[in-house]
Amino acid sequence: MKNTFNLSLTVNGTPYQKEIDPRTLLSDFLRHDLGLTGTHVGCEHGVCGACTILLDGAAVRSCLMFAPQANNREITTVEGLGTIDDLHPLQEAFREAHALQCGFCTPGFLTTLVPYLEENPNPTEEEIREAISGNLCRCTGYQHIIDAVKIAAETMNS
Ligand code: FES
Ligand code: FES
C-alpha cells in the first residue's frame, strides 16, 4: 500500500488539506500541488535563497523542508505579499529602484526582507548587505536591491 501523508496547512490565508507523498519537498508542494510558482527553485540545496517562504512569519528555505514538516502551520509565499493593484511597499520599492532584472531571485529576496524589515525598521547599508547575504542574484549586482530596501524602510516607517 502506498504511504501517504494527510497534510493540513494554510497558505496565503487559504486552508488546504491534501494527501501527499511524505517525501514531497515543501517547495515542490507549493509549486506543483498548489500551483504557486512564484516560489522559485534554483539550487535545491539551501544555497541560493530563491525558494524562501514565510513559515509562521519566519523566512525559511522551502527546498530544505519536507511538506509534512509544515503540517498545521501558516505559510506565506510571494503571492501573498501584495497584489498587482496593491503591491507591498517592498515590492513597490523594488520596482522604483530597478532592483530586478530577470526576476528569478526576486521572490526569495522579498520573502527574506519582509520579516527582516519588520524586525529591523532602520537598517544600515551594512546591515542590509548582511540580511541579503544568503540570497544570490546573478543579474543586479545587489546595489539596486540595497537601494530598494532603503526606500522600503523609509516608506514603511512613514
Ligand atoms: S532552491 Fe532553495 S536555497 Fe536554492
Ligand atoms: S534579477 Fe536575475 S537573478 Fe536576480
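Odds and ends about this structure:
- Taking 7 Å steps out from each Cα toward its Cβ at GLN17 and HIS45 produces label points 3.9 nm apart.
- Lys, Arg +1 and Asp, Glu -1 on Cβ, resulting dipole of the chain about Cα centre, debye, nearest 20: 620 debye
- Span from the the range 47-93 Cα centroid across to the the range 119-156 one, whole angstrom: 17 Å
- Legend: helices of the chain (whole DSSP H runs) are marked when their alpha-carbon atoms reach 18 angstrom or more along the helix axis and their mean Kyte-Doolittle hydropathy is at least 0.0; marked are 106-119, 143-157.
- At an R0 of 30 angstrom, the distance between the Cβ atoms of THR124 and ALA58 translates into a FRET efficiency of 0.85.
- Stokes-Einstein D in µm²/s, Kirkwood radius over Cα pairs - the chain at 37 °C with 0.692 mPa s viscosity: 205 µm²/s
- For GLU126, net neighbour charge (Lys/Arg +1, Asp/Glu -1) across residues whose Cβ lies under 15 Å away: -2
- For the range 7-158, share of DSSP beta bridges that run antiparallel, in % to the nearest 5: 85 percent
- For the chain, the mean residue ellipticity at 222 nm estimated from helices alone is -8500 deg cm²/dmol, where every DSSP H run of n ≥ 4 contributes -39500 (n - 2.57) and the total is divided by all residues, rounded to the nearest 500.
- Among 51-63, 20-32, the peptide with the highest mean count of other Cβ atoms within 10 Å heads the list, and the full ranking is 51-63, 20-32.
- The range 29-111: C-alpha gyration tensor shape, a/c 1.5 cut-off, then a/b vs b/c: prolate
- Placing unit charges on the Cβ atoms of the charged side chains and taking the dipole of the range 26-89 about its Cα centre, the candidate lying farthest along the positive direction among SER27, CYS43, LEU81 is CYS43.
Values in this text are rule-based calculations from the coordinates and carry no lab data. All values reported here derive from a predicted model rather than from experimental measurement. Glycine also receives a Cβ, built like all others from the backbone with ideal geometry; neighbour counts cover every protein chain displayed.
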